[in-house]
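Asks: Below is a structure I'd like to ask you about.
The values are calculated or read from the model by the stated rules, or taken from the named source; none is laboratory data. Just so we're clear, the structure is a prediction, and the values are computed from it rather than from any experiment. Don't worry about glycine lacking a Cβ; one is built from the backbone with ideal geometry, like all the others, and counts go over all protein chains shown.
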Amino acid sequence: MIAFASSLDQAGLMTRTAEDAALLLNSMASFDSKDSTCLDEPVPDYTATLNNSISGLKIGIPEEYFGEGLNAGTARAVEDAIKTFEKLGATVHSISLPHSHIAVPAYYVIAPAECSANLSRFDGVRYGYRCENPQNLEDLYKRSRSEGFGEEVKRRIMVGCYALSAGFYDAYYAKAQKARRLIQLDFVDAFKQVDLIMGPTSPSPAFEFGSKGKDPVAMYLEDIYTIATNLAGLPGMSIPCGLVDKKPVGLQIIGNYFAEAHMLNVAHQFQQNTQFHDLAPAGIQ
């Protein structure tokens with residue numbers, strides 16, 4: 001596990017169920033005195049509230065997440081999932097996150113800027129990939145980085161170096177941080193009205209491996225619903241909520257700060273009343 005963009009990085013769990021995620025988080029969550037991005041907060045037992053009733057839960061649905069660009073099948077699957085929560089006693093409220101449209105451009109300035117600094121440590125000297133038979137120190141640096149990094153990594157390093165360069169810092173990085181603050185304030189306002197926010201994880205169902213590798217912009221737009229959560233520093237999770245053309249669709253659950261237990265409780269109750277987490281995409285046993 002390495003640092004990519006320090007203000008955005010977080011350890012994520014991939015588990016079969018929300019209950020498994022709670023068990024794993026119980027072991028992972030703690031204060032790390034050597035991590036400058038870590039807060040010293042009490043850690044609850046994330047399994048203790050899994051079976052709590054969600055009757056009375058207020059779910060916020062961002063109107064910006066159900067507009068142009070959302071696949072029709074994905075929209076239906078997410079809407080059906082939200083109806084399941086209503087049957088369990090939750091209420092649904094329309095909310096607005098008006099600065100959602102600037103999340104992707106803000107992220108793709110901030111993340112490359114931070115990664116250009118963090119990935120500078122991969123020089124072939126201390127750890128990571130090292131080129132064979134370097135002629136000198138400069139050759140070691142250049143070939144280790146050019147051979148060891150993939151095209152997307154190189155692209156982000158170049159964008160980040162440009163955004164942080166003299167004369168462009170204020171024009172790009174500083175403005176992206178101001179946009180980030182506006183996005184964060186949108187969520188602060190939203191959580192004054194609702195307990196959790198839900199929507200699609202991505203605009204379309206899962207796509208074929210490598211199908212968008214030659215179109216980085218199309219790949220970036222797959223993050224349009226999740227990046228704002230990252231920029232605001234909020235906890236979020238994605239759970240299966242159906243299949244479209246035999247490909248999985250994710251329901252995104254966004255919680256307020258330190259609301260991981262609440263999110264896991266809601267996800268667990270959904271999985272106790274549906275079987276989507278047991279379904280496998282076509283071709284996977």
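Asks: Can you tell me which residues in the range 116-144 are modelled with pLDDT of 90 or more and either under 30 Å from GLY67 (Cβ atoms) or of a type in the set (Phe, Trp, Tyr) (or both)?
Replies: Of everything in the range 116-144, those that are modelled with pLDDT of 90 or more and either under 30 Å from GLY67 (Cβ atoms) or of a type in the set (Phe, Trp, Tyr) (or both) turn out to be PHE122, TYR129, TYR141.
Asks: Name every residue in the range 58-80 that is touching a strand residue (DSSP E or B) at 6+ places or on another chain (Cβ under 7 Å), hydrophobic (A, V, I, L, M, F, W, C) and either surrounded by fewer than 14 Cβ atoms within 10 Å (Cβ to Cβ) or under 23 Å from HIS268 (Cβ atoms) (or both), in order of residue number.
Replies: Matches in the range 58-80: ILE59, ILE61, ALA77, VAL78.
Asks: Looking only at the range 64-91, which residues are over 14 Å from PRO203 (Cα atoms) and not in a loop (DSSP other than H, G, I, E, B)?
Replies: Scanning the range 64-91 gives ASP80, ALA81, ILE82, LYS83, THR84, PHE85, GLU86, LYS87, THR91.
Asks: Restricting to the range 153-166, give me the number of residues that are under 17 Å from MET1 (Cα atoms) and either without any contact (Cβ under 8 Å) to a residue 12 or more places away in the chain or outside any helix (DSSP H, G or I) (or both).
Replies: Initially, the range 153-166 is screened for residues under 17 Å from MET1 (Cα atoms), giving 153.
Filter once more, so that each one left must be either without any contact (Cβ under 8 Å) to a residue 12 or more places away in the chain or outside any helix (DSSP H, G or I) (or both): none.
Selection size over the range 153-166: 0.
Asks: Right, next: If a residue must be in a helix (DSSP H, G or I) and crowded, with 16+ Cβ neighbours inside 10 Å, how many such residues does the range 92-103 contain? Working first, answer last.
Replies: Step one: of the range 92-103, the residues in a helix (DSSP H, G or I) are 100-103.
The next check asks that each one be crowded, with 16+ Cβ neighbours inside 10 Å; those that pass are 100, 102-103.
Of the residues in that region, 3 qualify.
Asks: Another question about this same structure. If you check GLN193 against the conditions, is it more than 25 Å from HIS277 (Cβ to Cβ), in a loop (DSSP other than H, G, I, E, B), of a type outside the set (A, V, I, L, M) and touching a residue at least 40 places away in the same chain (Cβ under 8 Å)? Quick ask: steps written out before the conclusion?
Replies: Details: more than 25 Å from HIS277 (Cβ to Cβ): yes; in a loop (DSSP other than H, G, I, E, B): yes; of a type outside the set (A, V, I, L, M): yes; touching a residue at least 40 places away in the same chain (Cβ under 8 Å): yes.
Here the answer is yes, as GLN193 does meet what is asked.
Asks: Might you check whether a residue that is touching a residue at least 12 places away in the same chain (Cβ under 8 Å) and under 30 Å from GLY73 (Cβ atoms) occurs anywhere in the range 167-175?
Replies: no
Asks: For PRO203, indicate whether it is in contact with an Asp or Glu (Cβ under 7 Å, 6 or more places away or on another chain) and farther than 18 Å from SER100 by Cβ.
Replies: Against the criterion (in contact with an Asp or Glu (Cβ under 7 Å, 6 or more places away or on another chain) and farther than 18 Å from SER100 by Cβ), PRO203 does not qualify.
Asks: If you don't mind, there's one more thing I want to ask. Scan PHE270, PHE258, PHE276 and give me the residue that is under 23 Å from ASP45 (Cα atoms) and modelled with pLDDT under 95.
Replies: PHE258
Asks: Let me ask another. May I ask you to list the residues in the range 126-152 that are surrounded by 15 or more Cβ atoms within 10 Å (Cβ to Cβ) and touching a residue at least 24 places away in the same chain (Cβ under 8 Å)?
Replies: GLY148, PHE149
Asks: Filter the range 213-262 down to the residues that are in contact with a helix residue (DSSP H, G or I) (Cβ under 6 Å, 6 or more places away or on another chain) and either closer than 18 Å to GLY73 by Cβ or of a type in the set (Asp, Glu) (or both) and list them by number.
Replies: Correct list: ILE224, TYR225, ILE239, PRO240, CYS241, GLY242, VAL244, VAL249, LEU251.
Asks: If you don't mind, there's one more thing I want to ask. List every residue pair whose Cβ atoms lie under 9 Å apart, where the two residues are 6 or more positions apart in sequence or sit on different chains, the first residue falls within the range 79-102 and is on the phi > 0 side of the Ramachandran plot, and the second residue, located anywhere, is surrounded by fewer than 18 Cβ atoms within 10 Å (Cβ to Cβ) and in a loop (DSSP other than H, G, I, E, B).
Replies: GLY89/SER53; GLY89/SER55; GLY89/GLY56
Asks: Specify the residue that is surrounded by the most Cβ atoms within 10 Å (Cβ to Cβ); the eligible residues are those in the range 33-50 that are of a type outside the set (Phe, Trp, Tyr), at pLDDT 95 or above and under 23 Å from the mean Cα position of the chain (by Cα).
Replies: Once the filter is applied, the top-ranked residue is LEU50.
Asks: Quick one: would you say VAL266 is over 26 Å from LYS192 (Cβ atoms) and either in contact with a Ser or Thr (Cβ under 9 Å, 6 or more places away or on another chain) or in a helix (DSSP H, G or I) (or both)?
Replies: Numbers: over 26 Å from LYS192 (Cβ atoms): no; either in contact with a Ser or Thr (Cβ under 9 Å, 6 or more places away or on another chain) or in a helix (DSSP H, G or I) (or both): yes.
When the stated conditions are applied, VAL266 does not pass them.
Asks: A further question follows. Just for the range 200-230: of the residues that are of a type in the set (S, T, N, Q) and part of a loop (DSSP other than H, G, I, E, B), which one is modelled with the lowest pLDDT?
Replies: Here is the first cut: in the range 200-230, the ones of a type in the set (S, T, N, Q) are 201-202, 204, 211, 226, 229-230.
Now restrict to residues that are part of a loop (DSSP other than H, G, I, E, B): 201-202, 204, 211, 226.
Numbers: THR201: 95, SER202: 93, SER204: 89, SER211: 74, THR226: 93.
Among residues in the range 200-230 that are of a type in the set (S, T, N, Q) and part of a loop (DSSP other than H, G, I, E, B), the one modelled with the lowest pLDDT is SER211.
Asks: Considering the range 78-105 alone, what residues qualify as being hydrophobic (A, V, I, L, M, F, W, C) and modelled with pLDDT of 95 or more? Quick ask: steps written out before the conclusion?
Replies: Of the range 78-105, the ones hydrophobic (A, V, I, L, M, F, W, C) are 78, 81-82, 85, 88, 90, 92, 95, 97, 102-104.
Across the range 78-105, the qualifying residues are VAL78, ALA81, ILE82, PHE85, LEU88, ALA90, VAL92, ILE95, LEU97.
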